[in-house]
Amino acid sequence: VAPRRKRACVRVPPVAAVVALVGLATLVARRSKVPSPAELAAMRSALDQIEAEAVRIKAAGDTSGVLLPATTSEPPFLAEAAAAAEAVKDDKKPSEEAPVHPLDPPCRFEADVDFVDDPAAAFDEGPVLEAATRETCCAACAERSWCAAGVVSASTDEPPHACWLKRSTARRVAKPGVVACVRRRTQDLEAVEPAIDETTCSFEKDKDVAPDDSPDTPIEESSTKERCCALCAALPTCAVAVLSSVFDEPPTACWLKTHAGPVIRKPGATLCVPAKSSSSEMTVGVVATTTTTTTKVVEPPPPYALRTSNVPEPPTAAELERRREAIRGAVAHAWRGYATRAWGADAVTPVSGRAVGAGFDMAVTLVDALDTLKLVGLDDEFRQARDYVASRDFETKIARPSGGASFFETTIRVLGGLLGAYALTGDAVFRDRAEALGGPMASRLDTATGIAPASLAGRGALRGSGCASLAHSGTTQLEFGYLAAITGRRDIADASMRFYRDYLGLLDDDDLNKRRGPPSLDGALYPQCVGARSGRISFGAESDSFYEYLLKAYLLRGKRDRGLWDAFDRAATALADRAVTRDTSSGLVFVDTLDWRGDHRSTKEPAMEHLACFVPGWLALGAAHDDDPRRMRRRVALADEIATTCHEMYARQPTGIAPERVKRHDLSLKATDTREYILRPEAAESWWYLAELGTSSALSGELGGLVPKYREWSWRAFEAADAGLRVEYGHASLRDVRRAGAGFIDKMESFWLGETLKYFFLAQDDRGTLPLDEFVLNTEAHPFRIVTEERRRRRR
């Protein structure tokens with residue numbers, strides 16, 4: 001490198017060193033920033049190579065073909081860069097008092113070894129340094145807390161001698177010519193042996209330390225709690241360690257923390273406190289001297305609270321009966337339109353009165369409405385429907401169902417409708433028809449994973465074209481589980497829990513930590529596509545009933561599968577931590593959608609679907625069975641807040657009817673392009689759960705005073721829907737909830753009779769018609785008797 005006016009240059013064999021020096025200098029200059037230590041180290045390495053080669057050339061006297069600067073002084077940039085490098089080098093010299101890290105030097109070098117990063121965890125698209133040496137690559141890695149190793153590419157690679165940083169050393173591959181620079185903290189951990197007898201450790205389950213400035217990558221993967229504690233004890237900067245749960249990514253990894261608090265709750269994690277931390281009491285940002293070892297779990301102020309203002313007076317018994325009669329009339333009207341215009345078909349078009357298929361060819365409206373007719377007291381209509389189910393025509397339909405029918409919808413609507421009718425009546429015809437349909441369906445679940453197919457003609461599989469839906473595979477457990485209970489079919493029982501047991505790993509009760517499930521966020525939330533390592537996470541379409549069934553399968557099976565409860569608990573916690581947002585302008589709490597980028601990374605999309613209005617009822621139902629009073633109160637408060645948002649989605653529209661989705665938390669729907677209402681039930685569902693649990697469960701102390709509010713919300717929504725959507729042959733969907741005259745959609749989904757009207761009716765029913773200590777309702781509102789209750793009934 002020489003002044004251009006001299007028209008001279010330096011051509012020395014280490015050309016790469018010159019190129020690296022000029023490239024780094026240009027990069028730094030363009031950024032107008034002080035070079036980083038790694039960049040200065042790279043510059044210095046290049047200078048050293050150039051200087052050494054120049055000295056050799058001069059000493060040999062062989063300057064043929066080599067043009068040296070005309071001046072004997074060093075070019076200004078080189079001098080300045082060298083001075084800067086020397087300054088940084090001096091600054092980096094440890095003082096005599098500074099402790100020497102027990103794992104110094106920082107890297108171990110291995111020839112012909114590379115590490116393959118998980119594509120979902122990729123941090124960059126290229127190398128951080130070119131023309132690097134193993135020392136400069138090691139220095140670049142050491143600067144970044146997440147870096148586990150650096151790899152210097154081979155001379156034949158493109159670019160050659162480049163430094164690539166790796167997050168993990170778990171996937172090792174052989175690659176000739178490269179040099180791996182493995183940070184000692186991950187490579188030499190074998191030298192640190194657990195010595196728990198000498199390094200007394202205490203362990204606390206389900207505890208973690210709140211995020212701080214600790215390294216954001218574990219010091220060791222696939223660790224144990226004893227080894228994790230010993231590693232922390234060996235490092236002077238470590239205060240406590242945390243062993244991640246089997247559901248985290250990576251699982252059972254050891255994370256070292258520079259602070260001992262605040263301590264927070266995290267299911268499955270283990271807090272490891274070495275003896276050196278035992279003389280301090282862990283609290284929020286304060287380490288106070290004490291003689292005992294205690295760990296305070298710091299509870300933040302509750303972010304949610306029950307909304308107890310403006311609760312109406314409880315309706316009288318006569319008023320409740322009047323409301324039930326009105327809803328019964330709406331059920332009779334919708335049923336009459338179907339029975340007179342589309343008997344035996346899947347559905348009726350409520351405006352034009354035509355019989356139409358809905359892709360099932362199994363009289364889905366009739367079957368979906370069976371238990372609703374029974375519950376509201378339309379006995380003649382129920383007997384009429386029952387006789388059709390017993391007929392040869394219906395027997396033929398379920399014996400040869402349409403291959404294109406949705407497996408998921410057939411499971412929850414048709415199979416669920418037959419099972420619900422059996423649960424309420426004990427009539428064997430419903431059980432026999434359910435077995436004739438459900439037995440062949442159960443055999444189509446994937447034998448290795450329990451994954452459900454998209455259609456009745458398919459077979460479940462993890463790999464193949466398209467996306468295996470999380471909701472589809474996670475919404476078979478109640479239906480097939482109850483079918484197995486009432487028929488004694490062990491093959492169906494095995495198939496019903498296969499997805500939980502063999503794919504998600506939730507039923508390994510002997511040692512849950514030995515089984516690892518698919519990728520997930522916080523070991524709790526899964527993408528809509530089964531097995532994906534990133535993607536959309538939602539409590540709406542393609543996901544909602546998966547989370548719903550974790551809790552309900554636990555209850556249906558008599559609470560004997562603790563792994564299911566733990567999965568529900570993790571999901572409910574992650575929901576509150578990740579997906580819930582309080583809008584600053586309205587004060588309302590929304591359930592947002594997440595864009596999961598892999599590992600612990602996710603961002604929110606401010607969009608709440610009507611489907612997500614099932615969440616309040618789900619949270620409240622779980623809280624009624626929770627043995628932790630503080631957690632129960634938090635979740636009940638959150639349920640009430642989200643239920644309030646669902647009410648406002650109705651109340652703030654001119655029609656009094658909620659849209660399919662609200663975007664950007666804007667209830668004016670200016671940002672929303674899906675403003676239709678297709679007779680959705682989820683808000684009415686949650687209001688009923690809150691009212692029912694507030695009168696007849698462990699939550700009566702929390703929710704008892706709010707029951708009139710939930711009944712009133714449900715009644716107002718029914719009145720708006722019945723008045724605004726009633727047409728000649730039933731109830732039609734609405735194209736735009738902002739305008740009553742926007743026009744109807746000539747469609748009445750079977751769940752209007754199967755779910756929505758049923759929940760409206762139950763919310764005004766104070767007679768305990770469906771006690772939740774005896775029944776579990778599937779995602780289509782069909783009641784199944786809890787297994788222990790079913791056995792008692794059969795014995796009677």
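Quick rundown of the values:
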quantity	calculated
Accessible area, probe 1.4 Å, largest first, for residues K374, K166, K663, K552	K374, K663, K166, K552
Relative contact order (%) - the stretch 303-427, alpha-carbon pairs under 8 angstrom, separation at least six	21 percent
The stretch 630-685 and the stretch 582-617: distance between their alpha carbon centers, rounded to Å	12 Å
Between the stretch 345-360 and the stretch 546-577, the Cα center-to-center distance that results, in Å	37 Å
D673 accessible area, 1.4 Å probe, all protein chains in place, Å² to nearest 10	110 Å²
Cβ-placed point charges (K, R +1; D, E -1), dipole of the stretch 387-445 about Cα centre in debye, nearest 20	200 debye
R108 paired with A742, simple spin-label distance in nm, labels 7 Å along Cα-to-beta-carbon	6.5 nm
Test item: Cα-centred dipole of the stretch 664-719, Lys/Arg +1 and Asp/Glu -1 on Cβ, debye	160 debye
Cross-link table K225/K552; K559/K709; K266/K604; K397/K758; K166/K257, entries beyond 23 Å C-alpha to C-alpha	K225/K552; K559/K709; K397/K758
Cα-projected label distance for S309 with A355, points at 7 Å along beta-carbon direction, nm	5.6 nm
Calculated FRET value between D387 and T603, using beta carbons and R₀ = 45 Å, to 0.05	0.25
Sum of side-chain charges, R323 neighbourhood, beta-carbon under 12 Å (Lys, Arg +1; Asp, Glu -1)	-3
Solvent exposure ordering (accessible area, 1.4 Å, most first) of E605, E110, E158	E158, E605, E110
Protein-only accessible surface order, largest first, of E204, E719 at 1.4 Å	E719, E204
Estimated inter-spin distance, T487 and K670, nm [label 7 Å along Cα→Cβ]	5.6 nm
The stretch 480-489 - phi-based ³J(HN,Hα) in whole Hz, Karplus 6.51/-1.76/1.60, Gly and Pro as x	6, x, 6, 4, 5, 5, 8, 10, x, 7
Listed peptides 238-244, 126-132 by packing density, highest first (mean Cβ within 10 Å)	238-244, 126-132
M441 accessible area, 1.4 Å probe, all protein chains in place, Å² to nearest 10	10 Å²
T396/R562 FRET efficiency (R0 35 Å; Cβ-Cβ; nearest 0.05)	0.20
T487 - accessible surface, heavy atoms, 1.4 Å probe, Å² rounded to 10	40 Å²
Pairwise FRET efficiency - S700 versus T224, Cβ, R0 = 45 Å, nearest 0.05	0.50
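The values are calculated or read from the model by the stated rules, or taken from the named source; none is laboratory data. Here the structure is a predicted model, which is why all the values come from computation and not from measurement. As a convention, Cβ positions derive from the backbone with ideal geometry for all residues, glycine included, and neighbour counts pool all protein chains shown. Surface areas here come from the heavy atoms of the whole protein model, side chains and all, with no ligands, DNA or RNA. Shrake-Rupley method; radii C 1.70, N 1.55, O 1.52, S 1.80 Å.
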